[in-house]
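Each value in this text was obtained by applying a stated rule to the coordinates, not by laboratory testing. Treat the numbers as computed from the prediction; the structure is a model and nothing was measured. Positions of Cβ are backbone-derived with ideal geometry, glycine not excepted, and every protein chain shown enters the neighbour counts.
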Amino acid sequence: MEKQKIAIVGLGYVGLPLAIECSLRGHHVIGIDHDQGKVDDLHQHRSYINEIEDETITALMNRSFTATVRCEEAKQATVIVLCVPTPLASTGTPNLCYVQTALKQLAPHLQQGQLLILESSTFPGTTEEIIVPIIEGEGFLVGKTFFVGYSPERIDPGNKQFHLTDVPKIISGMTSECLQKVKRVYETVFKELVPVSSTRVAEAVKMFENTQRFINLSFVNEMARACYELDIDVEEVLVAADTKPYGSSAYRPGPGIGGHCIPVDPLYFKWKVNQAGATTRFIDLAKVVNDEQPDYIIKRIRSLLHSVEDASILLIGLSYKKNIRDTRESKSIVVAERLIQAGAHLAYHDPFIPVYTLCDQLYQSITIAKDTLSAFDLVIFLTDHDDLDYDMIVQHSKSIFDTKQCLNVEGPHIHKL
Ligand SMILES: NC(=O)c1ccc[n+]([C@@H]2O[C@H](COP(=O)([O-])OP(=O)(O)OC[C@H]3O[C@@H](n4cnc5c(N)ncnc54)[C@H](O)[C@@H]3O)[C@@H](O)[C@H]2O)c1
């Protein structure tokens, strides 16, 4: 196997696991992150991602891995992988400043013959229209003296069933030489590669995957609202529908879709489609339904209490999905802040998030115990973390609103979405 020197820029939920896997395959990995705190954590063998153990970081640091804030270290690399965030601007449009800044910082250090792979989720055309001009601005000819590819990341943090390297990896290159180079490095790391004909196609694959999920999850939330109006148990409907061996996918309702990807990527795609003078409709509607979902949750909470004002409410789960500490775009936060603004006395419990600032006030995750539970007027499940004592919560809470369909028991005090 050809050993490479791989610089991974951005050591977050995507970059750090990728660094670990590349290093496990014997590559020399240079991890670059502008967050000094993360680099210090790695040097002190401390993990800042909850599903990565400290021991894994110790093993990583003892292999051929260096962590640094200095992007000039990328000079020594044969391959540079960009795993920086692609959030939305306040206008709801793509904010590529992290990609552009990282690339501009790297630009003076780029070397002839290097391969750069973008992994960040983004709209079709980003690699060709934004990455390539910056690289060619340094005097390189892409496909001849410098190589560029795009490979969307499909990691699912907190998912114990699918390991990163078991998930087929979409790969693409600006030219066939670029694609061959991407293939040569990623075939040493991933079990199955799925080459596609262009970077635009690879970018569109990622947009399709996450947009499809956004639309389906929004629809299942609409379905939950409809079933409630019709006095039908939506969970029973979905479980029965799941038995169809073809054409049915398992989606579950919740307090609204959060995270850095699913509610964000469709808006990247929509923006690009709009730039081309065309319109989207499913994406727009899914966004409306998703944006409304916290209001719907509040409406249901109001129906369960005499008054939200002065009610004592315990929220369970602030992260946008189970078993992780990521709160980006989490609708739990929206619900929490709306309740505080409505005058509720709020407490929260999240085993992954010890403290959190809500409405400019610092809250601490409370310990769940029998007597504390019974003191709340309402306990609300917003995230279905595995590591919760569900039996105790059911037994000792006065009233429960389960927005995640995570309780498989019934009772007069249990209310489901
Ligand atoms: N988190 C996921 O589940 C997931 C899954 C698939 C794809 N993605 C995509 O992958 C990309 C990265 O997401 P993430 O969740 O890992 O983000 P993250 O915020 O966890 O990590 C990004 C890292 O990049 C660093 N960074 C930003 N600018 C930098 C710069 N100029 N130089 C060096 N470091 C810099 C940040 O400090 C941070 O540590 C995004 O495009 C995201 O949409 C994320």
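How many times 2.2 N^0.38 Å is the alpha carbon radius of gyration of the chain? Walk me through the numbers on the way to the answer.
Values: Rg = 23.1 Å, N = 417, 2.2 N^0.38 = 21.8 Å.
So the Cα radius of gyration is 1.06 times the expected 2.2 N^0.38 Å.
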- [ ] Would you work out which of Cys261, Ala102, Ile301 lies farthest towards the positive end of the dipole of the chain, given +1 charges on the beta-carbon of Lys and Arg and -1 on that of Asp and Glu, about the Cα centre?
- [x] Ala102
Open item on the list: What FRET efficiency comes out for Asp391 versus Ser197 if R0 is 45 angstrom and r is the Cβ-Cβ distance? Round to the nearest 0.05.
Closed with: 0.25
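Once you sort the root eigenvalues of the Cα gyration tensor of the stretch 128-277 as a ≥ b ≥ c, which label holds: rounded (a/c under 1.5), prolate (a/b larger than b/c) or oblate (the other case)?
Working: a/c = 3.31, a/b = 1.98, b/c = 1.67.
Cα axes put the stretch 128-277 in the prolate bin.
For the pair Ala240 and Cys97, what calculated FRET efficiency results from E = 1/(1 + (r/R0)^6), where r is the Cβ-Cβ distance and R0 = 60 Å, to the nearest 0.05?
On the way: r = 47 Å, r/R0 = 0.78.
That pair, Cys97 with Ala240, gives E of 0.80.
Can you give the charge dipole size of the stretch 298-417 about its Cα centre, rounded to the nearest 20 debye, using +1 on the beta carbon of Lys and Arg and -1 on the beta carbon of Asp and Glu?
On the way: 13 positive and 16 negative charges, 78 e Å.
Charge dipole of the stretch 298-417: 380 debye, to the nearest 20.
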Open item on the list: On a full-extension model of 0.36 nm per residue, what is the gain between Glu187 and Ile414, subtracting their alpha-carbon distance, rounded to one decimal in nm?
Closed with: 76.7 nm
Task: Gyration tensor (alpha-carbon) shape descriptor, the stretch 1-152, a/c threshold 1.5 - done: oblate
Open item on the list: Output the 0 to 90 degree angle, nearest 10, between the alpha-carbon long axis of helix 176-186 and the longest principal axis computed from the alpha carbons of the chain.
Closed with: 60 degrees
- [ ] Describe numerically, in nm with one decimal, the distance between label points set 7 Å from Cα along Cα→Cβ at Val273 and at Thr58.
- [x] 5.0 nm
Open item on the list: If you take every residue apart from Asn210 with its C-beta less than 15 Å away from the C-beta of Asn210, what net charge results, scoring Lys and Arg +1 and Asp and Glu -1?
Closed with: +1
Task: Cut-off under 5 Å, modelled amide H: who pairs with Leu193 long-range - done: Lys169
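What size of dipole, in debye to the nearest 20, comes out for the chain about its Cα centre when the only charges are +1 on Lys and Arg C-beta atoms and -1 on Asp and Glu C-beta atoms?
On the way: 40 positive and 53 negative charges, 241 e Å.
Roughly 1160 debye for the chain.
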TODO: Would you work out which of Thr327, Leu346, Tyr363 lies farthest towards the positive end of the dipole of the stretch 222-416, given +1 charges on the beta-carbon of Lys and Arg and -1 on that of Asp and Glu, about the Cα centre?
DONE: Thr327
Task: Inter-site label distance for Glu177 and Glu72 at 7 Å from Cα along Cβ, in nm - done: 2.9 nm
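Which is the longest part of the chain that has none of the chymotrypsin sites (Phe, Trp or Tyr not before Pro) sitting in a DSSP loop with at most 11 other Cβ atoms within 10 Å? Walk me through the intermediate numbers first.
Numbers: sites that count: Phe162, Tyr246.
Of all site-free stretches, the longest is 247-417.
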TODO: Rounded to the nearest Å, what's the spacing between the alpha carbon centres of the stretch 251-275 and the stretch 8-84? Just the number, please.
DONE: 28 Å
Open item on the list: Can you show me the helix-derived [θ] at 222 nm for the chain, built from DSSP H runs with n ≥ 4 at -39,500 (n - 2.57) apiece and divided by the number of residues, rounded to the nearest 500.
Closed with: -11000 deg cm²/dmol
Task: Set of lysines with alpha-carbon distance to Lys144 below 26 Å, sequence-local pairs under 8 removed - done: Lys3, Lys5, Lys75, Lys104, Lys169, Lys181, Lys183
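For the stretch 185-250, which GluC sites (Glu not before Pro) pass both filters: DSSP loop (anything but H, G, I, E, B) and at most 16 other C-beta atoms within 10 Å? Could the numbers behind the result be given before it?
On the way: sites: Glu187, Glu192, Glu203, Glu209, Glu222, Glu229, Glu235, Glu236; in loops: Glu187, Glu192.
Of the GluC sites (Glu not before Pro), the ones in loops of the stretch 185-250 whose Cβ has at most 16 other Cβ atoms within 10 Å are Glu187, Glu192.
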Open item on the list: With θ taken as phi - 60° and the coefficients 6.51, -1.76 and 1.60, list the Karplus ³J(HN,Hα) couplings across the stretch 238-249 in order, rounded to whole Hz; mark glycine and proline as x.
Closed with: 5, 4, 5, 5, 5, 6, 5, x, 9, x, 10, 10
Open item on the list: Counting only other residues whose beta carbon sits under 12 Å from that of Lys322, what net charge do I get with K and R as +1, D and E as -1?
Closed with: -2
- [ ] Enumerate lysine pairs in the stretch 222-416 that are 8 or more residues apart or on different chains, then count those whose Cα atoms are under 17 Å apart.
- [x] 14
Task: From the C-alpha gyration tensor of the stretch 222-416, square roots of 5λ in Å - done: 29, 21, 16
Open item on the list: Please compute one quarter of the surface area of the Cα convex hull for the stretch 1-79 and express it in square nanometres.
Closed with: 4.6 nm²
Open item on the list: 5 Å is the cut-off here: which amide hydrogens, built 1.01 Å from N in the peptide plane, fall below it relative to Thr175, excluding neighbours closer than 5 in sequence?
Closed with: Val148
TODO: Work out from phi, with θ = phi - 60° and the Karplus expression 6.51 cos²θ - 1.76 cosθ + 1.60, the ³J(HN,Hα) of each residue of the stretch 74-79, listed in order in whole Hz, and give x for Gly and Pro.
DONE: 5, 3, 7, 7, 8, 10
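Could you work out the longest stretch of the chain that avoids the trypsin sites (Lys or Arg not before Pro) located in DSSP loops with at most 15 other Cβ atoms within 10 Å? Please list the in-between numbers first.
Working: sites that count: Lys3, Arg46, Arg63, Arg70, Lys144, Lys160, Lys191, Arg281, Lys398.
Within the chain, the longest run free of exposed trypsin sites (Lys or Arg not before Pro) spans 282-397.
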Task: Note, ³J(HN,Hα) from phi for the stretch 57-62, Karplus 6.51, -1.76, 1.60, rounded to Hz, x at Gly and Pro - done: 5, 4, 4, 4, 5, 7
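Using only C-alpha positions, report the orientation-averaged shadow area of the convex hull of the stretch 308-380, nm², one decimal. Intermediate values should be presented prior to the final figure.
On the way: hull surface 18.1 nm².
The directionally averaged projection comes out at 4.5 nm².
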